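See structure below.
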Amino acid sequence: MADPRIQQQVEDNKNEKEEQEQDYGILLYYKYTTIHNLQNLSDFYHSNCSSLSLLGRVRLSSHGVNVTVGGKLKALKKHIEVLKSNSLFEGTDFKLASCHEPLNDQVAKECGFTSLSIRIVKELVSLSSQPLLKSPDISNAGKHLTAAEFHALLQNAGKFQEKENFGSDKKLVLVDARNLYETRIGKFHTPNVETLDPEIRQYSDLPSWIDGNSERLRGNNILMYCTGGIRCEMASAYIRSKGAGFENVFQLFGGIQRYLEQFPDGGFFKGKNFVFDHRVSVGSLDTDTLGTCLLCSTSFDDYSARNRCSHCRMLVLICDSCREQESSYVCELCQKNGKLVASISTTEDDMSGDIFPPVTLEANPNMDQVRHSPAMSCGNDQHAAGTRTIRKLRILCLHGFRQNASSFKGRTASLAKKLKSIAELVFVDAPHELPFIYQRSPPDKNHVCESVRPEGSPPFNNCNRKFAWLVAADYNGKSDAEWKMAKVPFNILQYQQQTEGFDESLEYLRTIFLQAGPFDGILGFSQGAAMAALVCAQQGKLKGEMNFRFVILCSGFAVNMSEYSEGSINCPSLHIFGNNEGNDRQIESRASRHLVSLFESGCSVIIEHNLGHIIPTRSPYIDEMKDFLQQFLQFNS
């Protein structure tokens, strides 16, 4: 007869195991592999995750999968079992961790754990901020190192040079592939190992940092790490794509999560590992706090309150005491760019807490004309409700010749309204102020305030100031006289003579980006498009000063661009102009087509219309514009 005490122990163990199986957990995994039928795989995830009551994010592309889901541990294990029976997932590292169920609805919603989101995307992670450009070949990614191998390299620093693929004349450089707000609460720290923190807002900024620090990386053994490993796959491939001197790139397989599982005391990792789910962060047995409050610098590392920079929306650390006293914050990156706490407009025309960055520049008096469209909501109302929001694109708008920010804002009001859910339009006056002129013959209504007046005399009323990005060679600044008569009749081809003043305008835009940025893209109309095209042509020289991801050129034309060959400008671009029958009396369609030819065809989109010298906002043109912009949208972190 069986011992009743043993039977009771077995029963207790069984009950304990069943209770544990009901515990909540988080599952993270990714796999780069070729997927031929994305729809079938999407249908599988919908069916499987729904039947198991799993919530979270599933991203599928022709290159693989990237998944973060939560649910009962028992359900998550069943999900893994099904995947392991599919050869597609052979070798996949399933990172399963038990945790409490989401307790904070705001954090759970923002992290996407109150619903199941399954999407087919072009890229699993967007390394490039320019999605129309080709991503690096993932097969060229750096060599995987286990947590133990990674730890050993750090522990012995330069002593492992004899290891396979390590050159004896190369030093070890450690690169953190995560965003700044992640590194502020936890990072690897190893004596005698140079550690590089790119201090980036978002992952798509990493290539620019790599490009700007190539000499610090060249010829060394580069060791990379991130949260779970997927960001290092693409980033290491990007580094290796640079060729000679960048061959030796290695990455922590499974990321910080696997490292902390292997080394529960934290090992060389100090602080907490930021995670993109309701847990917010995961620590080790080492309870030291690495993070500090942005305002008072006291030890603090809890992002649960989801406080964000008023300018760029990046997460910031604000302790409980400071949060009770302040409601607007400026992250350290925006502070470096000279930004102050944003003032929040409360006028009836504004959309749910629009942010107006303060801008004051003695050298550029026109900077006080920086204007924002009423459509420029940064999603504060949605964020306050705790949803995971899409970050609106910020687009700097450059007006045409003899216009100003106010008039261009008015002319594009319909455009701003139709793009308000995805874009914020920012308007600024050009730096060259123009004199008021009039002609003996009845003038064009676009260039004077009063069209009904005695012929041969200036208008009765004063006009608003007019500006230009490029001016004629005889331009000598604003005239002292309020009005002067034009020397020659108006010439529709006058834009071909306005070729001077670029350097002053470029320096002015540098200041705009510094004081009112960051901007995702630039929209230029007519001469503003010519100016934007010139900026695109020098984008490589402007990295770090004027970073942007795309350009929209409306009724554009080329000025001072004879040195650029066909397809030589490598920047995602949308070209909008009138066709041969387009009734654009200002800019000929062939001039706009010539400008298009200078941009790389693989990352250019063209919209032709027959509506004249305007930016069309009716269908199908507005739909094509939205399709172009949606490629650049990103979720708030």
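The values are calculated or read from the model by the stated rules, or taken from the named source; none is laboratory data. What you are looking at is a predicted structure, and each value in this text was computed from that prediction instead of being measured. When we count neighbours, we look across all protein chains shown, and the Cβ atoms used for this are built from the backbone with ideal geometry, even at glycine.
Just one of the numbered conditions (1) in the same structural domain as Q631 (by TED's automatic domain parsing); (2) at pLDDT below 90; (3) not aromatic (F, W, Y) is not true of E424: (2). Quick one: P191 ticks every box in (1) more than 23 Å from M314 (Cα to Cα); (2) in a helix (DSSP H, G or I) bar one, so which box is it? Against the list (1) more than 23 Å from M314 (Cα to Cα); (2) in a helix (DSSP H, G or I), P191 comes up short only on (2). Annotation: of all residues in segment 206-248 being hydrophobic (A, V, I, L, M, F, W, C) and in contact with a Cys (Cβ under 9 Å, 6 or more places away or on another chain), the one that is surrounded by the fewest Cβ atoms within 10 Å (Cβ to Cβ) is C226.
Against the list (1) hydrophobic (A, V, I, L, M, F, W, C); (2) within 24 Å of R231 (Cβ to Cβ); (3) in contact with a Leu (Cβ under 6 Å, 6 or more places away or on another chain), the condition A75 fails is (2). Consider segment 560-581 and keep the residues that are in contact with a Ser or Thr (Cβ under 6 Å, 6 or more places away or on another chain) and crowded, with 17+ Cβ neighbours inside 10 Å. The one that is farthest from S208 (Cα to Cα) is G578.
Each row is one residue, and each column tells you yes or no for (1) touching a Phe, Trp or Tyr at 6+ places or on another chain (Cβ under 6 Å); (2) more than 18 Å from F577 (Cα to Cα); (3) acidic (D, E); (4) surrounded by fewer than 22 Cβ atoms within 10 Å (Cβ to Cβ).
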{"site": "R510", "(1), (2), (3), (4)": "no, yes, no, yes"}
{"site": "A516", "(1), (2), (3), (4)": "no, yes, no, no"}
{"site": "G521", "(1), (2), (3), (4)": "yes, yes, no, no"}
{"site": "G524", "(1), (2), (3), (4)": "no, no, no, no"}
{"site": "Q527", "(1), (2), (3), (4)": "yes, no, no, no"}
{"site": "A530", "(1), (2), (3), (4)": "yes, no, no, no"}
{"site": "A533", "(1), (2), (3), (4)": "no, no, no, no"}
{"site": "Q539", "(1), (2), (3), (4)": "no, yes, no, yes"}
{"site": "K543", "(1), (2), (3), (4)": "no, yes, no, yes"}
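Counting only residues that are at pLDDT 90 or above and assigned to a loop (DSSP other than H, G, I, E, B), segment 115-158 holds 3 of them.
In segment 232-247, is there at least one residue being assigned to a loop (DSSP other than H, G, I, E, B) and under 24 Å from the mean Cα position of the chain (by Cα)?
Of all residues in segment 232-247, those assigned to a loop (DSSP other than H, G, I, E, B) come to 241-247.
From what is left, the residues that are under 24 Å from the mean Cα position of the chain (by Cα) are 241-242.
Yes, because at least one residue in segment 232-247 is assigned to a loop (DSSP other than H, G, I, E, B) and under 24 Å from the mean Cα position of the chain (by Cα).
Can you find a residue that is in a strand (DSSP E or B), within 28 Å of the chain's Cα centre (by Cα) and within 14 Å of E149 (Cα to Cα) anywhere in segment 264-282? The answer is no, given that none of the residues of segment 264-282 is in a strand (DSSP E or B), within 28 Å of the chain's Cα centre (by Cα) and within 14 Å of E149 (Cα to Cα).
Need a quick list: helices (runs of 4 or more DSSP H) entirely within segment 521-637 having at least 1 residues that are over 30 Å from C334 (Cβ atoms) and assigned by TED's automatic domain parsing to the domain that holds G212. Spell out the reasoning first.
Working: elements: 527-537, 589-597, 621-630.
Where helices (runs of 4 or more DSSP H) fall fully within segment 521-637, none carries at least 1 residues being over 30 Å from C334 (Cβ atoms) and assigned by TED's automatic domain parsing to the domain that holds G212.
For segment 248-263, name all the residues that are β-branched (V, I, T) and in a strand (DSSP E or B). Matches in segment 248-263: V249 only.
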